[in-house]
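Data block below; observations after.
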C-alpha cells in the first residue's frame, strides 16, 4: 500500500462518499419496494383466479345438472328460471375464461388480440375500435381488419367525450343498452383509452343484452390492467412506469386515419 493510499479521507470526501452511498441505498430500496408491490399484485390476481376456478368447477357441475332436468322435462314456470340460470352461469364462465386469458398474456399485443376475439365471439360486436392514449391524441390499435373497424370520423364526438369525462358516451336520446357506445378505459384514475362499440351482429340487433353488457363492462375494466401486467412481463418495468412500457411494446395500426 502506498503512502497516498494510507492517507485518510477528508471530511468533504467522506460527505461525498456517504451521499453516493445514500443514493445507492435509495435506488435499491425503491427497486425492492417496486418488486414487493408487483409481487403483492400478482399474488392477489392469482388468488382471484384460483377462487374463480373453484367457482367455475362448481357452476359446471350445476349447469350439467340443470341441463339434465331440462332434458327430462320440467314445469313450465321452472323451465324459464332454469334457462336464465344456465345463461348466467355461461356468462360467468365467459368472464372467468376472459380474465384467465388476459392474466396469462405474455405481451400487450396478445392482450389486444384476446380483446378482439372476446368482442367478436362472446359480446357479438360487429363494428368496434380500440383507442389508447398517453400524452397526446389517442391512437387506434384494433381491429386490424378494416371490415370490423368502426369509422373514426363518424364517432369522433363520442370518443372525445368518453376521453374527457371518463364516463360512457352515447348519442342523445338512445337507451342505456343501445349502441353505438364509447366506453372509457381507466388506469390509476386516468382515462387512458376508449373501447368503441359501433354495431352488433344482426342476430343481436342494436341493443346489448344484460349478460352481453356485463361481459363488455368486465372486459373494459380488465383491459388496462392486463396491458400493464403484460408490459411488465416484457419490459420488467417498475409499477410506476408500466403504462409507458405498454406504449413501447404496442404499435398503432399503420393504416389508421
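The values are calculated or read from the model by the stated rules, or taken from the named source; none is laboratory data. Given the structure is predicted, the values throughout are model-derived calculations rather than measurements. For neighbour counting, all protein chains shown are included, and Cβ atoms are generated from backbone atoms with ideal geometry for every residue, glycine included.
Within region 109-132, the set of residues being in contact with a strand residue (DSSP E or B) (Cβ under 6 Å, 6 or more places away or on another chain) and either closer than 25 Å to residue 245 by Cβ or in a strand (DSSP E or B) (or both) comprises 112, 116, 119, 125, 126, 127, 128, 129, 130, 131, 132. Please tell me if residue 221 is within 14 Å of the chain's Cα centre (by Cα) and surrounded by fewer than 21 Cβ atoms within 10 Å (Cβ to Cβ). Judged against the criteria, residue 221 is a match. Which of the residues that make up region 237-249 are crowded, with 20+ Cβ neighbours inside 10 Å and either under 21 Å from residue 94 (Cα atoms) or at pLDDT 85 or above (or both)? Answer for region 237-249, where residues must be crowded, with 20+ Cβ neighbours inside 10 Å and either under 21 Å from residue 94 (Cα atoms) or at pLDDT 85 or above (or both): just 246. Filtered by the rule that a residue be farther than 18 Å from residue 217 by Cβ and touching a helix residue (DSSP H, G or I) at 6+ places or on another chain (Cβ under 7 Å), region 101-120 gives 105, 106, 107, 108, 110. Kindly indicate whether residue 213 is in contact with a strand residue (DSSP E or B) (Cβ under 8 Å, 6 or more places away or on another chain), surrounded by fewer than 18 Cβ atoms within 10 Å (Cβ to Cβ) and farther than 15 Å from residue 243 by Cα. No: the conditions fail for residue 213. Filtering 122, 132, 158 for residues that are farther than 20 Å from residue 201 by Cα and within 19 Å of the chain's Cα centre (by Cα) leaves a single hit, 132. Against the numbered list (1) in a loop (DSSP other than H, G, I, E, B); (2) in contact with a strand residue (DSSP E or B) (Cβ under 8 Å, 6 or more places away or on another chain); (3) within 23 Å of residue 234 (Cβ to Cβ), residue 167 comes up short only at (3). Scan region 112-120 and give yes if some residue there is under 19 Å from residue 184 (Cβ atoms) and either loosely packed, with under 15 Cβ neighbours inside 10 Å or modelled with pLDDT under 85 (or both), otherwise no. No, region 112-120 contains no residue that is under 19 Å from residue 184 (Cβ atoms) and either loosely packed, with under 15 Cβ neighbours inside 10 Å or modelled with pLDDT under 85 (or both). Taken together, 194, 220 contain a single residue that is modelled with pLDDT of 90 or more and out of contact with any helix residue (DSSP H, G or I) (no Cβ under 7 Å at 6 or more places or on another chain), which is 220. Just one of the listed residues (204, 234) is at pLDDT below 90, in a loop (DSSP other than H, G, I, E, B) and under 27 Å from residue 105 (Cβ atoms), and it is 204. Checking each residue in region 161-173 for being in contact (Cβ under 8 Å) with a residue 12 or more places away in the chain, within 20 Å of residue 207 (Cα to Cα) and loosely packed, with under 15 Cβ neighbours inside 10 Å picks out 167, 171.
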